[in-house]
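The values are calculated or read from the model by the stated rules, or taken from the named source; none is laboratory data. Quantities reported herein were computed from a predicted structural model and do not represent experimental measurements. Methodologically, a virtual Cβ is constructed for each residue, glycine included, from the backbone with ideal geometry; neighbour enumeration extends over all protein chains shown. Heads up: the accessible areas ignore ligands, DNA and RNA and are worked out on the full protein's heavy atoms, side chains in. Shrake-Rupley method; radii C 1.70, N 1.55, O 1.52, S 1.80 Å.
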Amino acid sequence: MDSSIELTLPNKIGIIKAAIAKKEKVLVAFSGGVDSSTLAALAFAALGDNALAVTLYSPMIPQSELEYAKRTAEVIGIKHIVLDHDILSDERIRINDPQRCYYCKKQFVKKLKGVASEEGLNVIMEGTNASEITGRRPGLEALREAGSSIFTPYVDFDVSKREVRQMASYLGLDVANRPSNSCLLSRLPYGTEVTSDLLGKIETAEDLIHSLGISSVRVRVHDDIARIEVQPVDIPIIIQNRMPILSCLKEMGYPYVTLDLEGFRSGSMDEVL
């Protein structure tokens, strides 16, 4: 796209829908987050029943995220299937290798290619946006290696995260203002062996904190320490509810529970690399 031409939001939506329509039959990699939900809505608007949303479910995805994805797909109207994905069968992911996002995305692409082939779909649509193509992004390399089998319209048409949210709002999607989330493996230091039980504990702790009205939270686990990240404005809520939080995490086996005074920040486990 010529960056010298200033496009309105409806213009960009129209251009993306036209590009999707040319693909004729598409699979949308669908997590239920703002990026994939907006992409699914655009695909459904362009292709109707020739668009299929697919969610790969594994222990690294909270159950609440899966349920939200199901509800969102239903609201959009797009056909939606959920497939179990044994991501921890890959030892490189199970040991939380620093390149785990690369290996994970390779598995992700392989699984979705199989589904696309079975369903007679021409391309896999993926929701990486233009704001995510800088910095350390091992998963992006795996997408690039997949070549023409992967279509990333937000990257191709230079759509930022902010613009995706604007598109979601324009399309009337509730997900427009939903905080971004990441897989539960991001709560663990690289080199920590990942188990379904460990991820389940993190999910339970975060669900408890979410229930207090806090939307952005990460419970990072360092051996026997549970480190809580929330937005600085939410720190008083954690303090006010310290006893149930302590009780929950101590019962899980974490003798030390800390509150990170720097606050919530995406990718904090990468700060040591």
Subset of region 155-188 [more than 15 Å from the chain's Cα centre (by Cα), crowded, with 18+ Cβ neighbours inside 10 Å and within 30 Å of residue 206 (Cα to Cα)]:
163, 167, 168, 173, 188
Which residue out of 182, 215 is under 20 Å from residue 63 (Cα atoms), touching a Pro at 6+ places or on another chain (Cβ under 8 Å) and part of a loop (DSSP other than H, G, I, E, B)?
215
Go through region 223-273 residue by residue and tally those that are within 23 Å of the chain's Cα centre (by Cα), of a type in the set (Ser, Thr, Tyr) and not in a loop (DSSP other than H, G, I, E, B).
1
Within region 260-273, the residues that are among the acidic types (Asp, Glu) and open to solvent by 30 Å² or more (accessible area, probe 1.4 Å) are 262, 270, 271
Odd one out for residue 55 among (1) under 16 Å from residue 165 (Cα atoms); (2) buried (at least 21 other Cβ atoms within 10 Å of the Cβ)
(1)
Any residue at all in region 78-100 that is hydroxyl-bearing (Ser, Thr, Tyr), on the phi < 0 side of the Ramachandran plot and modelled with pLDDT of 95 or more?
no
Count - residues of region 100-126 that are of a type in the set (D, E, K, R), within 28 Å of residue 269 (Cβ to Cβ) and free of Cβ contacts under 8 Å to residues at least 24 places away in the same chain:
1
Here's a check for you: in region 208-259, which residue that is in contact (Cβ under 8 Å) with a residue 40 or more places away in the chain and of a type in the set (D, E, K, R) is surrounded by the most Cβ atoms within 10 Å (Cβ to Cβ)?
218
Filter region 115-145 for residues that are over 28 Å from residue 49 (Cα atoms) and in a helix (DSSP H, G or I); which is modelled with the highest pLDDT?
145
